Amino acid sequence: MNPLKIAFALLAAAGTTAALAAPMTYTLDPNHSFVHFGYSHMGFSDQEQRFNKVTGTITYDPQAQTASVDATIDLKSIDTGSVLNEHIQGADFFDTAQYPTATFKSTSVKFQGDQPVSVSGDLTIKGVTHPVTLMIEHFHTGRNMMKKPALGADAVGHVMRTEYNMGKYVPMVGNDVTIRIDLEAMAH
């Protein structure tokens, strides 16, 4: 075969590959996406709770090394594993009567190669917004059991609850709150 034809064939294939590697948008899977949070309880133990309803989208382009996250947490879906669900939804903490959701909107994502390693963004709770950085501990893309493109990640970060007007019982109950996000999402 003519070397010029081979070069054109390779360029055409590269153009097709680049077109296929366009950014993909994924929707969070409500059955496999949770936001956990933990804090020190009077120095005796670390307590952990979670929110059972998280919705949102992730846009990911490994070729361009870009990504974005837009998530909404249903604060009324709190699961303390105890009788504290209503207490934590009260005005001293999440005040879900007035602020039923919290949001996270990314502002930047850092990559190492084609893998995201951290995501920074604005976390809004009780109408108060502060920047938060989440370190991505695990990230995976592939096809799920339904043969659809899927994405999964585990990330962790910290916030100070007093910054969100939730300072009741500090310092007996810890101010430093660890946030852990475990998610799976499917492409549209």
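A short reminder: the numbers here are calculations on the coordinates, not readings from a lab. Everything numeric in this text was worked out from a predicted model, so none of it was measured. Note that we place each Cβ from the backbone using ideal geometry, even for glycine, and neighbour counts take in every protein chain shown.
Remark: spin-label model distance THR55-ILE88 equals 2.2 nm, labels positioned 7 Å along the Cα→Cβ axis. Normalised by the number of residues in the chain, the average gap of Cα pairs under 8 Å and 6 or more apart makes the relative contact order 22 percent.
Along its principal axes, the chain has C-alpha extents of 78, 30, 29 angstrom, given from the largest down. Whole-Hz Karplus values for segment 88-101 come out as 6, 7, x, 4, 6, 10, 6, 6, 5, 5, 9, 10, x, 9 Hz, taken residue by residue from phi with 6.51 cos²θ - 1.76 cosθ + 1.60 and θ = phi - 60°; glycine and proline positions read x.
Gyration tensor analysis over the Cα atoms of segment 95-188 returns equivalent ellipsoid semi-axes of 30, 15, 12 Å (largest first, whole Å). Rounded to the nearest 500, the helix-only mean residue ellipticity at 222 nm of the chain stands at -4000 deg cm²/dmol, with each DSSP H run of n ≥ 4 adding -39,500 (n - 2.57). Of the chymotrypsin sites (Phe, Trp or Tyr not before Pro) in segment 81-188, the ones in a loop by DSSP (not H, G, I, E or B) with at most 16 other beta carbons within 10 Å are TYR169. The residues packed around ASP74, meaning those with a beta-carbon under 12 Å from its beta-carbon, carry a net charge of +2 if Lys and Arg are +1 and Asp and Glu are -1.
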